[in-house]
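Only one structure is covered here, and it is reproduced in the block below.
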Amino acid sequence: MFKFIFDLATEPLGLPIDWYYEWILLGVIGYIAYLIAYDKVGSLYHGDFISGRAAGSFFHWIIRTIYFIVMWAITYGVIWTGKFVMAHKIQVDIGICSIVAVAIAVKIFIWIKERNKLVKVSVKVENNDNR
């Protein structure tokens with residue numbers, strides 16, 4: 001029963017890539033989610049937080065679904081970002097170069113200010129009334 005709910009939740013989750021790459025990536029994500037859920041439920045059993053097959057199955061599928069969706073969202077975001085960067089190479093390059101130029105200018109400005117503080121010598125002037 002819980003597998004049916006897992007399948008309903010994860011069936012519409014696709015990736016914006018070719019179908020064979022999508023199947024491979026979703027298979028890897030599913031396997032990683034399975035391993036994490038298996039480990040977490042095992043820890044729950046060993047810690048005496050749960051007992052029984054139904055509770056173990058319930059928590060396994062809940063944990064597996066959560067991790068699957070989180071890993072899918074991260075993978076989707078990375079693929080979408082990669083496709084966006086590839087489609088807008090020049091704009092991305094200009095943006096990165098602008099950020100680097102601003103960072104270098106700020107570093108130089110801070111370095112000059114720090115250097116000027118080191119060069120300054122405090123001079124103590126005393127009033128001499130004997131003139």
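Worth pointing out:
- Taken over the range 15-41, the criterion of being more than 15 Å from residue 66 (Cα to Cα) and in contact with a Lys or Arg (Cβ under 7 Å, 6 or more places away or on another chain) is satisfied by 16 alone.
- Yes/no for residue 54 being open to solvent by 70 Å² or more (accessible area, probe 1.4 Å) and either in a helix (DSSP H, G or I) or not charged (D, E, K, R) (or both): yes
- Meets criteria (of a type in the set (Phe, Trp, Tyr), under 22 Å from the mean Cα position of the chain (by Cα) and surrounded by 12 or more Cβ atoms within 10 Å (Cβ to Cβ)) for residue 2: no
- Failed item, numbered, when residue 14 is tested on (1) part of a loop (DSSP other than H, G, I, E, B); (2) at pLDDT 85 or above: (2)
- Which listed residue, of 63, 90, is closer than 23 Å to residue 36 by Cα, among the aliphatic types (A, V, I, L, M) and in a helix (DSSP H, G or I): 63
- All conditions but one from (1) without any contact (Cβ under 8 Å) to a residue 24 or more places away in the chain; (2) surrounded by fewer than 15 Cβ atoms within 10 Å (Cβ to Cβ) apply to residue 32; the one that does not is (1).
- Residue match in the range 109-126 (condition: open to solvent by 90 Å² or more (accessible area, probe 1.4 Å), assigned to a loop (DSSP other than H, G, I, E, B), more than 30 Å from residue 3 (Cβ to Cβ) and among the basic types (Lys, Arg)): yes
- Residue 71 fulfils the conditions (1) in contact with a helix residue (DSSP H, G or I) (Cβ under 7 Å, 6 or more places away or on another chain); (2) farther than 23 Å from residue 22 by Cβ except for a single criterion, (2).
The values are calculated or read from the model by the stated rules, or taken from the named source; none is laboratory data. Everything numeric in this text was worked out from a predicted model, so none of it was measured. Every residue, glycine among them, receives a Cβ derived from its backbone with ideal geometry; neighbour counts consider all protein chains shown. Each accessible area value is taken on the protein alone, full model and side chains, heavy atoms only, with ligands, DNA and RNA left out. Shrake-Rupley method; radii C 1.70, N 1.55, O 1.52, S 1.80 Å.
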